[in-house]
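Below is one structure, written out as structure tokens; the observations come after it.
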Amino acid sequence: MAIKSRVVLPYLVPQLTHPPVNTKALSSLSAVAGDALSKHLGKILPALLATYGAALDTTQQQQELEYCQAVVLSVSEEAGVRCLVDQLLEGTRQPSTRRAAVALLCAFCSHTKADLTPHVQQILRDLLLLFTDSDPHVLQLSAEALAAVTKTLDTNQQILYVNDVRQAIRFAMSDLKGQEYLPGFCQEKGISPILPIFREAILIGSPELKEQAAQGLGEVIRLTEAQALRQSVISITGPLIRILGDRFSFSVKVAVLETLALLLAKVGIQLKPFLPQLQATFLKALNDGNRQVRVRAALALSHLIVIHTRCDPVFQELHNSVKNQDDAAVRETMLYALHCVVAAAGNKMSDLMRRNVTATVATYLGSSEDSCRTAAAGCLGALCRWLPQNELTNFARDYLLNKDSSEEWTLRHGCSVTLAVALKQAPERLLTEEWTDAIVST
């Protein structure tokens, strides 16, 4: 048959692919026909998809899959692989053949010895588009196929597909208007197949690629439910922390800090093992020369403080930085960071720490520097939510309801901003019968 296949196949294939399709005979034929079978894939593959599709969820499903798998795995030469991949991907676009097509594609990608490199970009994009499907079988098979393709790539190859994966995800979400999550990502290990691409780009890519990969991870985190993220926390967090400790451009640091903040916001408690490293990393970033980095570090710290059991050391570090910082720009960011952590977890401050912070920050309410004054006001306004009633009463008398027009305008402005923030953060504590009229007249 191997010798005469080019003569015999034109007669055999039409008979074997005519309904009812004889997949067992096609399986046997593929074992001896060699590369000559590739020329007939245009007839064979539609027949396989129809037959296997009809067998889905029946007792014949596994047997038909084995026959069909034997046929597709017999294809190894370049033209045949191209035809096979094109037709199976086309099959995934049709609802009637989607599940069968992705099953055969998964089998092919998982077991073939053929070189898939020329087709990786196309396969990645089409499989990620299938992550929008509502059929759990399609979602699972798509993820398995994606994982198989990723495993065929070495680290230097994986990083080449960061932009392709990001673009495919954006295309997929454009088909799911109004939905918060990508269904495929919310399956068990749904994001695992693409994590190596982002991870390797973060670790060994150029600075530009590191930034893009960190942003891509952030996009994946946004589109994934918290439950599905939990099992991937370690593989996501480790590389991000590692590169934050190196010297890279501010844009790389900003992207990494934003992604870590997103991860903390979604699955914060799962990051407890990383708490010491994250705390040190964020506090160090607060002293960065770039304001964007400092602001992102402050926001990330506000998510970290929520899972912290001993918060006073963090508050103390920020408090000391505010007191001892000579650089006005950095001091302003430290005040903003205090605002962020106080708003998130001011109830975790000890009484002594709360009083120290209040006293120190209040000294900047009349600062001649607008940014510093506003940041201090924001911090104190957020603190009003957590002050014991007696402290709140005294604070309101001295700052929130102070109508002394002889005070410097800067202090009066600082007090006004503090009141505005306090009303936003804790309206129920201020708009009482006792204070409402005084606040309105202020």
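The values are calculated or read from the model by the stated rules, or taken from the named source; none is laboratory data. Fair warning: this is a prediction, and the values are worked out from it, not measured in the lab. In this analysis, Cβ positions are derived from the backbone assuming ideal geometry, glycine residues included, and neighbour counts consider all displayed protein chains.
Identification of helices (runs of 4 or more DSSP H) wholly contained in the stretch 34-130 with 1 or more residues that are under 28 Å from the mean Cα position of the chain (by Cα), among the acidic types (Asp, Glu) and under 28 Å from Val162 (Cα atoms) yields 120-129. At least 1 residues being of a type in the set (Lys, Arg) is the threshold, and among the helices (runs of 4 or more DSSP H) wholly inside the stretch 341-442 those reaching it are 351-362, 370-383, 409-425, 427-430.
Residues considered: Leu262, Leu209, Leu278. Of these, the only one that is within 13 Å of His303 (Cβ to Cβ), among the hydrophobic types (A, V, I, L, M, F, W, C) and out of contact with any Leu (no Cβ under 7 Å at 6 or more places or on another chain) is Leu262.
Let me confirm something: among Thr23, Thr17, which residue is at pLDDT 80 or above, of a type outside the set (A, V, I, L, M), out of contact with any Phe, Trp or Tyr (no Cβ under 6 Å at 6 or more places or on another chain) and assigned by TED's automatic domain parsing to the domain that holds Gln69? The unique qualifying residue is Thr17.
Step by step: first the residues of the stretch 46-86, then only those that are among the polar types (S, T, N, Q) and either touching a Lys or Arg at 6+ places or on another chain (Cβ under 6 Å) or surrounded by fewer than 20 Cβ atoms within 10 Å (Cβ to Cβ) (or both), then the one that is nearest to His111 (Cα to Cα). Which residue is that? Outline the logic, then answer.
To start, the set of residues in the stretch 46-86 that are among the polar types (S, T, N, Q) comprises 51, 58-63, 69, 74, 76.
Filter once more, so that each one left must be either touching a Lys or Arg at 6+ places or on another chain (Cβ under 6 Å) or surrounded by fewer than 20 Cβ atoms within 10 Å (Cβ to Cβ) (or both): 58-63, 76.
Values: Thr58: 24, Thr59: 24, Gln60: 22, Gln61: 19, Gln62: 16, Gln63: 17, Ser76: 11 Å.
My answer is Ser76.
Evaluation of Leu105 against the conditions (1) on the phi < 0 side of the Ramachandran plot; (2) surrounded by fewer than 20 Cβ atoms within 10 Å (Cβ to Cβ) shows that the sole unmet condition is (2).
Could you tell me whether the stretch 322-333 includes any residue that is of a type in the set (Gly, Ala, Ser) and either farther than 27 Å from Leu380 by Cα or modelled with pLDDT of 95 or more (or both)? Let's see the steps before the verdict.
Pass one, the stretch 322-333, residues of a type in the set (Gly, Ala, Ser): 328-329.
Checking which are either farther than 27 Å from Leu380 by Cα or modelled with pLDDT of 95 or more (or both) leaves us with none.
The answer is no; no qualifying residue exists.
Residues are listed down the side, and each one gets a yes or a no for (1) farther than 21 Å from Met334 by Cα; (2) not β-branched (Val, Ile, Thr):
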{"residue": "Leu365", "(1), (2)": "no, yes"}
{"residue": "Asp370", "(1), (2)": "no, yes"}
{"residue": "Cys384", "(1), (2)": "no, yes"}
{"residue": "Pro388", "(1), (2)": "yes, yes"}
{"residue": "Thr418", "(1), (2)": "no, no"}
{"residue": "Leu423", "(1), (2)": "yes, yes"}
{"residue": "Ala438", "(1), (2)": "yes, yes"}
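Within the stretch 35-45, if we keep just the residues that are out of contact with any Lys or Arg (no Cβ under 6 Å at 6 or more places or on another chain) and hydrophobic (A, V, I, L, M, F, W, C), the residue that is farthest from Val8 (Cα to Cα) turns out to be Leu45. Might you check whether a residue that is touching a helix residue (DSSP H, G or I) at 6+ places or on another chain (Cβ under 9 Å), under 23 Å from Thr374 (Cα atoms) and crowded, with 22+ Cβ neighbours inside 10 Å occurs anywhere in the stretch 258-274? No, the stretch 258-274 has no match at all. Of all residues in the stretch 154-172, those being modelled with pLDDT under 95 and either surrounded by 15 or more Cβ atoms within 10 Å (Cβ to Cβ) or in contact with a strand residue (DSSP E or B) (Cβ under 8 Å, 6 or more places away or on another chain) (or both) number 1.
Here is a yes/no grid of residues against (1) surrounded by fewer than 21 Cβ atoms within 10 Å (Cβ to Cβ); (2) farther than 17 Å from Ala228 by Cα; (3) without any contact (Cβ under 8 Å) to a residue 24 or more places away in the chain:
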| position | (1), (2), (3) |
| --- | --- |
| Ser174 | yes, yes, yes |
| Pro193 | no, no, no |
| Glu200 | no, yes, no |
| Glu208 | yes, yes, yes |
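Of the numbered criteria (1) touching a Pro at 6+ places or on another chain (Cβ under 9 Å); (2) modelled with pLDDT of 95 or more, the one Ala107 fails is (1).
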